[in-house]
Amino acid sequence: MNSDHFYITTPIYYVNDKPHIGHAYTTILADVLARYHRSLNEPTFFLTGTDEHGQKVQRAAAERQVPPQQHCDETVLRFQELWKRLGITNDHFVRTTYDWHKNVVRQVLQDLYDRGEIYRAEYTGWYCVGDERFFTEKDLVDGKCPECGREVSEIIESNYFFRMSKYQDWLIEYIETHPDFIQPAFRANETLGFLRKPLGDLCISRPKSRLNWGIELPFDKDFVTYVWFDALLNYVSSVGYKQDGGAFAKWWPASCQLIGKDILTTHSVYWPTMLKAMGLPLPRTIFAHGWWLTGNTKMSKSLGNVVNPMEMVDKYGVDAFRYFLLAEMTLGNDANFTEDAFVARYNSDLANDLGNLLSRVLKMVLRSGGVIPAPGERQDDDRELLDAAAAAITGMEAAIRDMKIDQGLDAVLQSIRAGNRYLEKTAPWTLAKKGETARLNTVLHTAATAIYQAAVLLMPVMPEKMTELGQALGFDGGAFAALRIADLRQGGDVMTGRQVSDTTGLFPRIQVEAAAEPVKPAAGDKAAKAAKPAKAPEPAAPAPAVAEDGLISIDDFFRTQLRTAKVLAAEKVEKSDKLLKLQIDLGTEQRQIVAGIAQSYTAESLVGRTIVVVANLKPAKLRGIESQGMLLAAKTGNKLQLVTVDGDAEPGASVG
Ligand code: MSP
């Protein structure tokens, strides 16, 4: 296993439509992880691309009345342009219509066929056009597709099958003995649940009479390859499999294959059994992230609530968009995309915390000559801030390793907030007034050092803005962008003598009224100008998150997502008088929460009840058990009373 190398993949996207926020998210996440691993000095390979065969693409081309290849050539540009716009640093872009990929697929098929891993048989099954998958009668749910709930049609035909079933026991054991293989762990359980039923063989062909847009089987020209069998092989064909043994040995097995939760079975069952039959090792981790919802509902074209990443970027800028996606989603869970939440997080984390810390320090340095002074002897306050900055480095390193980027960002934000508290406490403006230059110099140097460290840690998420920030601190932009987390570990004084400049516009506050205007499609220069009205000049002093009178703003309130949930199961936590472990249905997903209500409610009395939970709370462990949220209850003395809703409410309804 190449643990010193980092090979990361995204799913390859169907070119049947324009990219949406789901595609943008996975690709940005992969980009951020790739950048972080480069920042840790690991040789990194980042692969993305497009899935260009199969029924969906053939149908999309037919609707546009263009040949499928032309359709692919045109549509792929939308993805490539968006990735450019979003600052994606993929090392390679695979298209499954490339000849070299098709050659690899044919070689794999021929080899498996020659070794008896693929056979021909008559097949009766139910086919879902949307998912391009066959199901047996017993897989169907109420006669409909078990994946998407759409109508299925019965099909009888002769086809080729991969002997997937013979690997069932091996796969179960592999998953059970490799806890890192499918992440998060609850997705491994989901796959194991799927594998509890007998696993069938996989139909890997489509008769050309029904579908001809695919790779022809090398051993039967009347058939093309099933699109998933072709697509999954991109992960090995792109790093030299059957073409360049050296490159392949360097990169395979992949370190991290990112997917959305909807394509778990194809990646955690089809893909590993294919690799096993091919005699190849499995990727270290398949990581399934959750879905972006809008207003807690699934995005769908028919509801007209699909977020277009281009529009968000035009309105708010690339880096703010990247930051929001990474900070807002706890990897593995679903997250809610609303413009209100976007603006609230931007204003609080970027405009308020980071923007203000930077602008205060720059202003003070500019007022005292424009050059970051050499520090004098450090005091406890200074050391405390430098410790907070160092904790952010450690926190981010751990977060990268554990795939908890939101927590890493939180650690950096903590250090930035510590920076603002430090300025309040040390009051450099007073030191300047009083002429206490030696102490002022130490404070400015210490604060600037903390900002520098935070900026290097944030660089993979916000490369453009952090480069600008580096320039404001007196670095050459290119050199600053090239700094790595590893460089922060070197220590030493890198700040003294730097000539700073002002950048008041780094994260201008977004006026809430402006944000309320719906995002409009915009293009080119016009788009850049359209972005301006949403931004207003930065306030001179930071608006505290909690005002002195103890009041919070509506923005702050909306950062908490309250949702209804139905309790599916409940049990007492062993050796605890207070804790109950609940399995809850949040409408779009199931979660486990641990609640301290056992003295007021029995486990049985909760099953079936509707409760209200904080849905975007960072998971925490209580007595070693993960809690993915918190329920609300009123408290009088020791007595707790559940907060619930009046009448029936669907699980997942937003509360607020
Ligand atoms: N072509 C297949 C993947 C083949 S990989 C060998 C495919 N393509 S897709 O374009 O339909 O979807 C790509 C990814 O987008 C999936 O991982 C899917 O989970 C993700 N998303 C689609 N909508 C999404 C959200 N609303 N939120 C987050 N990701 C979602 O499947």
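Quick notes
- In plain terms, the chain from D380 to K425 could stretch by 15.0 nm, reckoned as 0.36 nm per residue minus the Cα-Cα distance.
- The C-alpha atoms of the chain define a longest principal axis, and helix 168-177 lies at about 20 degrees to it.
- Once the Cα atoms are used to define both axes, helix 185-194 deviates from the longest principal axis of the chain by about 10 degrees.
- Gained length - S302 relative to N103, 0.36 nm times residue gap less alpha-carbon distance: 67.8 nm
- Computed from the alpha carbon atoms alone, the convex hull of the chain holds 183 Å³ per residue.
- Taking the chain, the Cys residues with no second Cys beta-carbon under 4.7 angstrom are C72, C148, C203, C256.
- Each 5 Å bin from zero holds the following percent of Cα-Cα pairs in segment 554-655: 3, 13, 24, 26, 21, 10, 3, 1, 0.
- Here is the tail figure for segment 334-488: Cα pairs spaced more than 27 Å apart come to 23 percent of all pairs.
- Label positions at K575 and R367, each projected 7 Å from the Cα along the C-beta direction, are separated by 5.7 nm.
- On the beta carbon distance between K138 and T560, with R0 = 45 Å, the FRET formula returns roughly 0.60.
- FRET efficiency, 1/(1 + (r/R0)^6) with R0 22 Å, evaluated for Q599 and T636 via beta carbons: 0.95
- Bridgeable lysines around K425 (alpha carbons under 24 Å apart, same-chain partners fewer than 8 residues away excluded): K363, K433, K434.
- Tilt relative to the chain, helix 318-328 - C-alpha long axis, 0 to 90 degrees, to 10: 80 degrees
- Straight-line cross-link reach from K144 at under 13 Å between alpha-carbon atoms covers these aspartates and glutamates, not counting any fewer than eight positions away in the same chain: D131, E154.
- For segment 115-242, the spread of Cα positions along the three principal axes, ordered from largest to smallest, is 44, 43, 24 Å.
- Computed E for L192/K434 - FRET, C-beta separation, R0 60 angstrom, nearest 0.05: 0.35
- Calculated [θ] (222 nm, deg cm²/dmol) that DSSP helices of n ≥ 4 give over the chain, each run adding -39,500 (n - 2.57): -12000 deg cm²/dmol
- Stretchable slack from D91 to E650, in nm (0.36 nm times residue separation minus alpha-carbon distance): 196.8 nm
Laboratory data are not the source of any read-out in this text; all were calculated from the coordinates shown. What you see is a predicted model; the values in this text were computed from it and never measured. Here the Cβ is made from the backbone with ideal geometry for all residues, glycine too, and neighbour counts use every protein chain on show.
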